[in-house]
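To start, the structure itself, in structure tokens.
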Ligand SMILES: Nc1ncnc2c1ncn2[C@@H]1O[C@H](COP(=O)(O)OP(=O)(O)OP(=O)(O)O)[C@@H](O)[C@H]1O
Ligand SMILES: Nc1ncnc2c1ncn2[C@@H]1O[C@H](COP(=O)(O)OP(=O)(O)OP(=O)(O)O)[C@@H](O)[C@H]1O
Ligand SMILES: [Mg+2]
Ligand SMILES: [Mg+2]
């Protein structure tokens, strides 16, 4: 039938564009970087260095995944950095307190600490979600506000002085521990990423997040309950940020209000966007976000290994970041044409 | 779609009494009564902005009415939500589609009604049912395509399929044929017949008299949000309907245009587009005549004129304007050369909805000294000029400082047409000029084109509405699969020939 | 009760530091209104300064309001806070400057309006103010450098990587310069690299981890307190126990680390004392009494040997004490 | 930003009555300002002292300038994260140029010229970079300006080797800070002048008109033949030029080139613009909204300083107020369109 033909060739072109558009060439770029570094500097593929990279990438990836979810729903979460800090100090404080109250009862101590930390995430997430979904204030502004507020609370609790007194086991056998040769953070990150991929692809929640980000009005008339899912995305994002805060705390061995901060926030969004998440909403996959988190981490590591003057490093970072995305865009357009 | 057999046809399926709806600034609906029987097709007829879509939105639970009662299958319904509406079998096909561009057709079909076990999607099952439905409807639609890769026509099919997924008791169609071509329209009508025979009630909105004639059992005429009258389609004439609708007499014939073909203004040679939607096309348009382009969905007719205007990349071929070669076309330069393009999708490509009408109309002339000197706007002049033009086009309401978004479809199109009068132009490219505008407005648009050609301009019209294309054009090109398969002039310009030119093509396609 | 005085300091009013003893006035004549500006209150160092200020203000019975700018990246905010201070009509202002040079215009304005300003802890351009007390950061850096050399045999090779702190903060650069000047005296000491970065533990940790890879030969880590704190864990992890860690300033973590033997040494400038002296200087200026125009606390490097005789309440606020931002005179 | 906000905006504004009575921002936010002022005055009368009012005006003038800069790009649905670092870079550049010129014994006129041209040169260069990367290479504003953010930081710290740049001539500070016109401090004079000019540009020129149309529907703008790319580039250049001016004024205020001057300005400026009612969805806002927002934030922190509210509490309050401010603005819109 005629339509078979009609459908045929446009689909051909679109198929190609799809590949370019959906996967991008980030993985390729990553491989290039890794290959290049390995060639230039044997230190790079030293086991310890790889573990460092993986651990730091994991921390970033966890935050970035949450961030990505929010952005896909058409929002923005500037508060993640502050949540990381708050979760860290609250976790540490709580552990210290419970440790004082119930000496020796390590399980209780750790459980309470972690619960408290994640609790912070839930609270901030709910506040963000409420303001965005119910009060209809743009996510950017809301989280700009909660960022300031959350950071303030974190500092109020600690005056910026590190919080000590958490059980050694928490640090030794969780924060700095390794299983199957990989740091805990990496395992946690892998679990998070797998869960998120599953959520995005296979669950109602993920589907509705895409729908809301793609076209709110259509979602409404199709009977999707918008508010619940928007709140959901912000809660997930904050909780993941809190999780990162806890991991950092366990690794460093003290609760610090200096964790996270603006840099973590900016990095998480950068990771998401470089990973192909559209700030217009409706588009983006966490596995690519995780990859771009890895990319950014390796980039920083490479600049250090290559002994680049640390004052000049930002310049390189900025140029490469822009170049990468620009190239991606260029290729995407090319494929779009032929 | 599953449809349970007709209930007692006595009482109406849907019964609205005294429905009102107020929007900021407008009384969109004012004490409307409406009854739809099972198995009948009930047409809503009215000018742009009469309140048809609003009424439909109320019926399908998008927003609640301010007052009035709502009965469905005999029982009173309160606090209707979209979910509830679909659950009880009210499924709307919206004028502004309810599709998520970044999702696939199939994902859109099930949006809000996914098949899940404990929050986990059952993709395979949904895929199967989506395919089954599309096959049953006989649309050529690929369920795995992303909606934003589809043409408006294919999006329309997806929107219809979406409405027919699941239990259907009352099907609502808001201008479903606006961007469908004859073939899909035919399919749709067969489908409607089947549904009626199975006792499904239909509400149908259209501005095309032909459809109303062929489909309608009863017609309800709305004007300014008020219910004017409900009458039997059989016992009422077109003129009657239109008079009720507009409150004045209008004769519904296409204007008789006297074409005086002059020299070739637009000349296209072996044009091929980057996305392959148009392949080595040769055609020309002359001053003083309307050149029509007709064709099935996705045949690339829009792309062709968009390429001439310079918003679709071409890979090979030559375009000549008034004899002079026109390389690397671009919107800006096209306008300078006197070429104007009027997009089919006015919300996406035409208007900045939240900006005032004045700014929207003068958008294309900010480079002219009459409107700006040394980059400084001459707002007084602008206000005067645009005001005059909009008055001449009879903008309703006549205030040019309102946001363009506050206008109804027909008036939005008028804002677009105003651009044709703001600067010296010789070539006018219209893409689906009458999509979604009411009969009155349509005639005004046709009159407008008439005046253009008779003033010696070269007008090129792309239309999916075959009668329109035939009636307006002096020469009619027929496109198929990105190629021009026929050029019809004079007496050969008949629906027969247009359609047969497709079939000829099919045969060759089969042979090859 | 402030058992800190008389406190041994240098009197650098004349330009050349002379050993001296500092004793504050017992009380202020009136309950003056003092305005205090801090770069931030985000670590125990500035909390220590605040402790000195608060205690001394209470002791001398003056009103005090403390504003913190929230970090070294907020110079504009500190400028605004200075204006707000001036607007609230204080008798004197005490400034821990984010950038001495950056505030110089404000100092001129205050002078023009006859409001005395005292500089505390952070260095200022020479003679910018009628009175100030701080250890020059370059000097401070030198002290740490000398401390390091003192701790190590002249013979053994030192491969040093420095982690001065945030680039562009000014203080990081000055510390670094001083330190380099000092270690340059020993031909066996080599600076492999200088790694600037925000003085947060997380950031420093990444820098250290990368440095451990990039410089296998590295055997001395010199940097901010957070650097040292991060280094302890990272070094242990990398199993490079031969590494010496030196911190360019003090905080609770450094003290504990030193006692545990995790770090070699840290430097101190007795921040509590600085805070206290600043209040007294301010009061003296208000009351037009003779004032030591530039006091330099005697910076020292604290290591295992010296830690026992360290007067702790001049170095850190008691951990029980939580900062207060204002003092009301009775 | 978020499609959610977009749809809200659409509902509120699209079908509203004539633009004119929407642009008359009814008194909600200004009223809130007055209430704030008197509220603070109740605790500390010096808040309303003429000295402090002048002080507020002066502080506002800087933030307002930066908020205006952001507003210009936000109108096109973008934003400039690099604004802060640009300020640092310009500050350092200006100071270095003047110090250099002065050192080589040129007379003041030349020194000033050198400083200004260096400052604006750097600023405009940064704007060009952003504009070209965004408009021509199609990189989204976030990544593009995050890139230049890093680059500018690198340049600023490298040029200054991280230390304040001394040797800024007195006249410079006299001119751009100390000086005054009819007793009105220079900063206020300059900002007011710039504000008026910018307002005229936005409301009376083709460029300004195109800006709003582009921000409302860029597709339509392109089809209507507006030079979308050129406009975008110009927009980012204008933004950075304004930032450069602000940087020069602040450098005059500090009397030295500060490699860290811009630190946290980017987000503050965005907050200022948005609190005042500039829509991140593009096409809505102007000089008025920028100034209003700047005033709001300045008065708030000034008041809290004078009423002795702890720093960390201030952060929390500020956060909350930002959200409330925008919420008010949204409600205001709904009212005014009814
Ligand atoms: N079988 C198909 N399934 C989905 N999309 C299709 C199919 N065939 C064509 N299309 C889409 O239609 C596009 C062709 O553009 P378009 O449909 O506007 O041409 P047209 O002739 O102007 O049709 P119309 O103007 O009636 O929409 C192609 O780019 C392609 O994306
Ligand atoms: N969401 C809305 N907000 C404000 N006014 C609205 C809204 N939707 C519709 N209106 C107004 O209500 C009136 C009826 O609009 P509606 O879309 O129902 O007309 P229509 O009969 O569908 O017109 P058309 O034939 O062009 O589709 C119009 O004046 C329109 O401006
Ligand atoms: Mg309608
Ligand atoms: Mg078309």
Between residue B:131 and residue A:47, with labels modelled 7 Å along Cα→Cβ, what's the label distance in nm to one decimal, could you check?
-> 5.0 nm
Mind giving me the nanometre distance, one decimal, between the label points for residue B:20 and residue B:328, set 7 Å out from Cα along Cα→Cβ?
-> 6.1 nm
Ranked by Cβ crowding within 10 angstrom, fewest neighbours first, how are A:201, B:129 ordered?
-> A:201, B:129
So for chain B, using the alpha carbon gyration tensor with a ≥ b ≥ c as root eigenvalues (a/c under 1.5 gives rounded; past that, a/b versus b/c decides prolate or oblate), I'd call it prolate
What number, in percent, do you get for the relative contact order of chain B if the mean sequence gap of Cα pairs under 8 Å and at least 6 apart is divided by its residue count?
-> 16 percent
Sort the following peptides by mean Cβ neighbour count (other Cβ atoms within 10 Å, averaged over residues), highest first: B:138-150, B:53-65.
-> B:53-65, B:138-150
Computed E for residue D:230/residue B:269 - FRET, C-beta separation, R0 35 angstrom, nearest 0.05 = 0.65
So for A:187, B:480, B:227, fewest C-beta neighbours within 10 Å to most, what's the order?
-> A:187, B:227, B:480
On a C-alpha basis, how far is the centre of segment A:82-139 from the centre of segment B:348-409 in Å? Whole number, if you could?
-> 55 Å
Efficiency of FRET from Cβ geometry, residue A:194 and residue B:379, R₀ 56 Å, rounded to 0.05 = 0.40
Taking each pair of different alpha-carbon atoms in chain D once, compute 1/r for the pair, average those values, and report the inverse of that mean as the Kirkwood hydrodynamic radius in Å to one decimal.
-> 20.6 Å
Convex hull over the Cα atoms of segment A:156-265, averaged projected area in nm²?
-> 9.4 nm²
Please give the FRET efficiency for residue D:181 paired with residue D:203, using the beta carbon to beta carbon distance and R0 = 35 Å, rounded to the nearest 0.05.
-> 0.90
Label point distance in nm, residue B:189-residue A:319, each placed 7 Å from Cα along Cα→Cβ | 6.7 nm
Rounded to whole Å and ordered largest first, report the semi-axes of the equivalent ellipsoid of segment C:224-330 derived from its Cα gyration tensor (root of 5λ).
-> 34, 15, 11
On average, how many beta carbons from a partner chain sit within 10 Å of the beta carbon of a residue in C:84-93?
-> 5
Shape call, segment A:112-156: gyration tensor on alpha carbons, a/c limit 1.5 = oblate
Going highest first, how would you order B:22-28, C:35-41, D:98-104 by mean Cβ packing within 10 Å?
-> C:35-41, D:98-104, B:22-28
Here the averaged projected area of the protein assembly as shown, based on the convex hull of its alpha-carbon atoms and given in nm², is 58.8 nm²
How high is the relative contact order of chain D, given as a whole-number percent (alpha carbon pairs under 8 Å, six or more residues apart)?
-> 34 percent
Approximate shape of segment D:114-224 as ellipsoid semi-axes (Cα gyration tensor, √5λ), whole Å, largest first = 32, 25, 9
Quick one: grab the alpha carbon gyration tensor of chain A, order the square roots of its eigenvalues as a ≥ b ≥ c, and give me rounded if a/c is under 1.5, else prolate or oblate depending on whether a/b is larger than b/c.
-> oblate
Projected onto their principal axes, the Cα atoms of segment B:264-511 stretch, largest extent first, over whole-Å spans of 63, 38, 31
Per-selection Kirkwood Rh - segment B:14-246 (Cα, Å, 1 d.p.) | 18.3 Å
Any chance you could give the angle, 0 to 90 degrees and rounded to 10, that helix A:204-214 forms with the longest Cα principal axis of chain A?
-> 60 degrees
Going by how many other beta carbons lie within 10 Å of each one, how would you line up B:167, B:249, fewest first?
-> B:249, B:167
Taking Rh as the Kirkwood radius computed over alpha-carbon pairs of segment B:208-250 and applying Stokes-Einstein at 10 °C with viscosity 1.306 mPa s, one gets a diffusion coefficient in µm² s⁻¹ of 150 µm²/s
Which value, in nm² and rounded to one decimal, describes the direction-averaged projected area of the C-alpha convex hull of chain C?
-> 16.0 nm²
Degrees between helix B:152-164 axis and first principal axis of chain B (Cα, 0 to 90, nearest 10) | 0 degrees
For peptide A:254-260, how many partner chain Cβ atoms fall within 10 Å of a residue's Cβ, on average?
-> 5
Across 10 Å bins from 0, what is the distribution of all Cα-Cα pair distances for segment C:104-240, in whole percents?
-> 12, 35, 29, 14, 8, 2
Using Cα atoms only, what is the angle between the long axis of helix C:137-151 and the major principal axis of chain C, expressed in degrees (0 to 90) to the nearest 10?
-> 40 degrees
Ordering B:319-326, A:150-157, B:152-159, C:15-22 by per-residue average of other C-beta atoms within 10 angstrom, highest first, gives A:150-157, B:152-159, B:319-326, C:15-22
Let me know the whole percent of all Cα-Cα pairs from segment B:173-270 that are separated by more than 15 Å.
-> 72 percent
Dividing the helical contributions, -39500 (n - 2.57) per DSSP H run of n ≥ 4, by the residues of the protein assembly as shown yields a 222 nm value, nearest 500 deg cm²/dmol, of -17000 deg cm²/dmol
Summarise the partner chain shielding of C:231-244 as one whole number: the mean count of Cβ atoms from other chains within 10 Å of each residue's Cβ.
-> 2
For residue A:40, put the label point 7 Å out on the Cα→Cβ axis and report which residues of segment C:211-233 keep their amide N under 18 Å from it.
-> C:211-216
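Readers should treat all values here as calculations from the given coordinates under stated rules, not as data from a laboratory. Worth saying up front: this structure is predicted, and the values here are computed from it rather than measured. Cβ: placed from backbone, ideal geometry, glycine included. Neighbour counts: every protein chain shown.
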